[in-house]
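Input: a single structure, listed below in structure tokens.
The values are calculated or read from the model by the stated rules, or taken from the named source; none is laboratory data. Source: prediction; values computed, not measured. Here the Cβ is made from the backbone with ideal geometry for all residues, glycine too, and neighbour counts use every protein chain on show. The protein model used for the area step is the full one, side chains on, heavy atoms only, and it has no ligands, DNA or RNA in it. Shrake-Rupley method; radii C 1.70, N 1.55, O 1.52, S 1.80 Å.
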Amino acid sequence: EYNRLTARYSSQGVDSWSPALDLGSLTGVDPGERTQYTGRNSSISYVRVFGARAINNLILSNGNQYPHRGLAGAGSISENDLGIYGMPNGAQKTGFPTFTFTNFQTFGSPQTKLWIELQNEDTLNDTFSLTLGKHSVKMGGTFRYYMTNNFQPLGQQGNWTFSANMTNQPGLSSTGFDYASFLLGLPQSFTYTLFPDYFRTRATTYGLFVQDDFRVSHKLTLNVGLRWDLPGWFHEAHNRSGVYSLQAGQYVQFGQNGFRTGLYDQAYANFEPRLGFAYSPFGDSKTVVRGGYGIFYEGTYAVGSSGLLPTSPIFADGDVGRYTS
């Protein structure tokens, strides 16, 4: 008997700076946009050998990444600093608002620029191997936990749109100038977003398996196994999402009044048989015929920050399934 413990750790960091339009003359602040990214991966493997026939391998791993993309002037400039008052968070130094023109380049950062996100994945894998005569048996399981906290408010700093309409001569179209409208402080439209918290998606997956590689003879080996998977659907940690229920005829929030917490009802009977063979008709390694059959369930996979919750499905029936459009 012996034990082997292995650990590894790796990390990566990126820090980039993109210059923005020269708004520094207004405030004395460098208006560039900064993007930072940190990624880490770690794993611990513990192998225990129980004599000549049995071995167990336990692996614990974690992977996470933290991208952070700021706005021009973030941390230094608020709307109040620019003389724009009356906004709900006007004193917060979220960066330059977006000033959009018809004939000029946009000032400030686009509404989609601000992005803060923590992505994390924890995994446990365990495999036990046992050799009994002509049988080589493996069994084990996996557990995986996905977590994403996303903050991308799409316009928290405000988006002001200026056009020629506000400076047209009365009764004469196309006589104004969008930059003149800007200098007079006369926007055509304005959008503003209040986004108080991160959108928090969560998912958990489980899997169990057993497989027997049975050496029937020196010519034939059979692979027989069964796997069970439970790929849990993503849900929002505080159930701040929902679907339009065709049965109820209204929007239904997840986790309320007995309604499910995820996109679809969870399926538990995900049994996946495995059958394979290797046959050597001449009893040597020069000619081998192989074949296999299996059923595989594709479950939770990488879907970014949302876990599909805000956009899919557009319509869903609360009882009998899903309808997408």
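Some notes on this structure:
- Screening the range 240-254 for residues that are open to solvent by less than 30 Å² (accessible area, probe 1.4 Å) and in a loop (DSSP other than H, G, I, E, B) and picking the one that is farthest from residue 148 (Cα to Cα) gives 254.
- When residue 65 is tested against the conditions (1) assigned to a strand (DSSP E or B); (2) open to solvent by less than 50 Å² (accessible area, probe 1.4 Å); (3) touching an Asp or Glu at 6+ places or on another chain (Cβ under 9 Å), the lone failure is (2).
- Test result for residue 100, surrounded by fewer than 18 Cβ atoms within 10 Å (Cβ to Cβ) and β-branched (Val, Ile, Thr): no
- Search result, residues across the range 200-239 that are assigned to a loop (DSSP other than H, G, I, E, B), under 19 Å from residue 119 (Cβ atoms) and not hydrophobic (A, V, I, L, M, F, W, C): 232, 238
- Positions within the range 255-277 being in contact with a Leu (Cβ under 8 Å, 6 or more places away or on another chain) and under 21 Å from residue 148 (Cα atoms), in sequence order: 263, 266
- Complete set of residues in the range 133-191 that are under 30 Å from the mean Cα position of the chain (by Cα), closer than 26 Å to residue 82 by Cβ and open to solvent by 60 Å² or more (accessible area, probe 1.4 Å): 154, 191
- Residues located in the range 68-92, provided they are surrounded by fewer than 17 Cβ atoms within 10 Å (Cβ to Cβ), part of a loop (DSSP other than H, G, I, E, B) and free of Cβ contacts under 8 Å to residues at least 24 places away in the same chain: 75, 83, 85, 86, 90, 91, 92
- For residue 309: the one exception among (1) at pLDDT 90 or above; (2) surrounded by 14 or more Cβ atoms within 10 Å (Cβ to Cβ); (3) closer than 19 Å to residue 145 by Cβ: (1)
- Per-region count, the range 122-144, residues free of Cβ contacts under 8 Å to residues at least 60 places away in the same chain and either assigned to a strand (DSSP E or B) or in contact with a strand residue (DSSP E or B) (Cβ under 7 Å, 6 or more places away or on another chain) (or both): 0
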